[in-house]
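Below is one structure, written out as structure tokens; the observations come after it.
Values in this text are rule-based calculations from the coordinates and carry no lab data. All values reported here derive from a predicted model rather than from experimental measurement. Here the Cβ positions follow ideal geometry from the backbone for every residue, glycine too, while neighbour counts run over all protein chains shown.
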Amino acid sequence: MNSSPSRKIIHVDMDCFYAAIEVRDHPELRGKPVAVGGSSERRGVLTTCSYEARKFGCRSAMPTFKAMRLCPDLILMPVRFDVYRQESARIREIFHRFTSLVEPLSLDEAFLDVSHLNSSGSAIAMEIRAMIQEESQLTASAGISANKLIAKIASDWRKPNGQFEVSEGEVADFMRALPVKRLWGVGKVTEKRLQALGLETCGDIVDRPLHQLVAELGRFGAELHEMAQGIDHRKVNPSRERKSLSNERTFAENLTSATEGLLKLEPILDELEADLGHAKNRDREICKSVVKLKFADFTQTTIERAAMSIDRNLYRTLLEEAWARGDGKSVRLIGAGVRFLSESGSDDDHSGHQLKLFQ
């Protein structure tokens, strides 16, 4: 693996974060199937759900009516983003006791670079998780390795409330046996496409000549070839001042119509509005609204329009226009966001530090 031997990267991922907070704050819910978000109406969508609910097949981004069919006893709790953000800030403060190199991915997960500390990555992760549980009564899982790619994969290995380390000497064997569905960007549709090509594991990908992968999968084939070897040179980048703000969702099953897309757009806009209401964003002046779609073949399109606030009708229009660009292709990801007006009064941004929606 082409990575510095001294790097110690931890990926911390909270366990069912929103649902866990609701269960903590409402002890009578413990042991019961709980979901956050949505409503009993047909347009409602789950934001997350507890492990008890997942046993019935419920999952995030699932329409509420479908979840209720799978689990008639499902307990729906309203979204409380202010509370979740407070808890997220408390947890990030714990991270910063160990390192300033903290890269949040969302409210409930982050990368930490602890290469400068003398203790092992596993010992540090264990201490961080113990502090989180003691101070918030919530549990977290962690993955530890020499780069971000493997640390993130590893954090899912012992969920919930566990951790897993992949040392440098273990990377080759670990990656070789890894099912392709464990790689970033490989959902159910892509997994089936890879399986049709005889690619079941990362070992199968590594064994396939690079030129053949590119011929079969385009640029994504080259990216897969690197990922399958556990190669990832990205640094852990602490948060910078945002030139934009966005939320996006990748779906377990591709969406086949704009009507489905409009349904999935609503909770994304709910979260975007909550983000904009946060203190650090409250005084930022919006200059554009943006919608991004990633299609089944991994091509993507971004469409934006001048705006000064969150206008849901505008976002719906943008989504429909973006959808039409796909010429009938199904959609695997939807993103919605805003661009902020810079201090100079311009919306130009050449810093390269925007959120992933605009990259």
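Return the loop-located GluC sites (Glu not before Pro) in region 133-213 (DSSP other than H, G, I, E, B) with at most 16 other Cβ atoms within 10 Å of their own Cβ; answer none if there are none. Those that pass, being in a loop and sparsely packed, are E200. Looking at region 5-99, the GluC sites (Glu not before Pro) that sit in a DSSP loop and have at most 15 other Cβ atoms within 10 Å of their own Cβ are E41.
Within region 74-111, which trypsin sites (Lys or Arg not before Pro) sit in a loop by DSSP and count at most 10 neighbouring Cβ atoms inside 10 Å? Please report the intermediate quantities before stating the final value.
Details: sites: R80, R85, R90, R92, R97; in loops: R80, R97.
The qualifying sites are R97.
Take the alpha carbon gyration tensor of the chain, find the square roots of its eigenvalues, order them as a ≥ b ≥ c, and report rounded if a/c is under 1.5; if not, report prolate when a/b exceeds b/c, else oblate.
Working: a/c = 1.25, a/b = 1.10, b/c = 1.14.
Rounded shape, in that the Cα axes give a/c under 1.5.
Pairs K264/K329; K32/K55; K188/K329; K243/K292; K188/K264; K66/K192: which exceed 21 Å Cα-Cα? Listed pairs above 21 Å: K66/K192.
Residue-wise HN-Hα couplings along region 161-171, as the Karplus relation 6.51 cos²θ - 1.76 cosθ + 1.60 with θ = phi - 60° gives them from phi, are 6, x, 8, 8, 10, 10, 6, 4, x, 9, 4 Hz; Gly and Pro carry x. The DSSP beta bridges internal to region 31-184 are antiparallel in roughly 55% of cases.
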